[in-house]
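Read the structure below first, then the notes.
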Amino acid sequence: MLARQGFAAKAHTAVDVPRIQAVACAHFGVERSALLSRSRAADVAWARQAAMYLARELTDHSLPQIGREFANRDHTTVLHACRRVAGEITTNARALADVEALTTKPIVVAFSTAADRLMHSAYSGSSPQSESMARPVHKRTRPTTTRKPVGAG
């Protein structure tokens, strides 16, 4: 995908979470301190969630590791961010443009293989993770109980 747009991968450039954060801050126009803050302002939250999503897609870090890089956030916060961005890029052209712009920045282009898979899946309408990138989903189930009608003794 990126190659079709005229971007070539730079060999041996490591992308890590602080670099992704820097690119996200530059793209969205927010300070790194704001990105790592507890702010729930929409512009800051979207920048943070997009950065978390890219950190998950473009690095081998686990959810807890990514959370630690974002001011010790819980892994479920990272999971929520990833699910939200994945949903937004399939339905919102602006969200897709943001993620695409972040993955074409020079510092992130080194991961063109992962970025190509990410963008291909977004354009094809499939899930944001390809089959090879899929992570197991563990769902908790509640024991089923039979409820008695109100007033029944």
query = What pairs come up if the first residue lies in region 30-53 and is over 15 Å from Ala101 (Cα atoms) and touching a residue at least 60 places away in the same chain (Cβ under 8 Å), the second is among the small types (Gly, Ala, Ser) and in a helix (DSSP H, G or I), and their beta carbons are under 8 Å apart, counting only those six or more places apart or on different chains?
reply = none
remark   = When restricted to Arg56, Arg19, the only residue basic (Lys, Arg), closer than 17 Å to Ala86 by Cα and either touching a strand residue (DSSP E or B) at 6+ places or on another chain (Cβ under 9 Å) or not in a loop (DSSP other than H, G, I, E, B) (or both) is Arg56
message = Being surrounded by fewer than 20 Cβ atoms within 10 Å (Cβ to Cβ), at pLDDT 95 or above and in contact with a Leu (Cβ under 7 Å, 6 or more places away or on another chain) is true for just one of Leu36, Leu79. Which residue is that?
response = Leu79
key: Single unsatisfied condition, Phe70 versus (1) modelled with pLDDT of 95 or more; (2) under 11 Å from the mean Cα position of the chain (by Cα)   = (2)
Qualifying positions in region 71-97 - assigned to a helix (DSSP H, G or I), without any contact (Cβ under 8 Å) to a residue 12 or more places away in the chain and of a type in the set (D, E, K, R) = Arg83, Glu88, Arg94
query = Are any of the residues in region 13-24 surrounded by fewer than 12 Cβ atoms within 10 Å (Cβ to Cβ), at pLDDT below 95 and hydrophobic (A, V, I, L, M, F, W, C)?
reply = yes
query = Only one of (1) of a type in the set (Lys, Arg); (2) in a loop (DSSP other than H, G, I, E, B); (3) in contact with a helix residue (DSSP H, G or I) (Cβ under 7 Å, 6 or more places away or on another chain); (4) modelled with pLDDT of 95 or more fails for Arg48. Which number is that?
reply = (2)
ask   = Any idea which residue in region 84-99 is nearest to the chain's Cα centre (by Cα), counting only those that are closer than 14 Å to Ala45 by Cα and charged (D, E, K, R)?
value = Arg84
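The values are calculated or read from the model by the stated rules, or taken from the named source; none is laboratory data. Everything numeric in this text was worked out from a predicted model, so none of it was measured. Cβ: placed from backbone, ideal geometry, glycine included. Neighbour counts: every protein chain shown.
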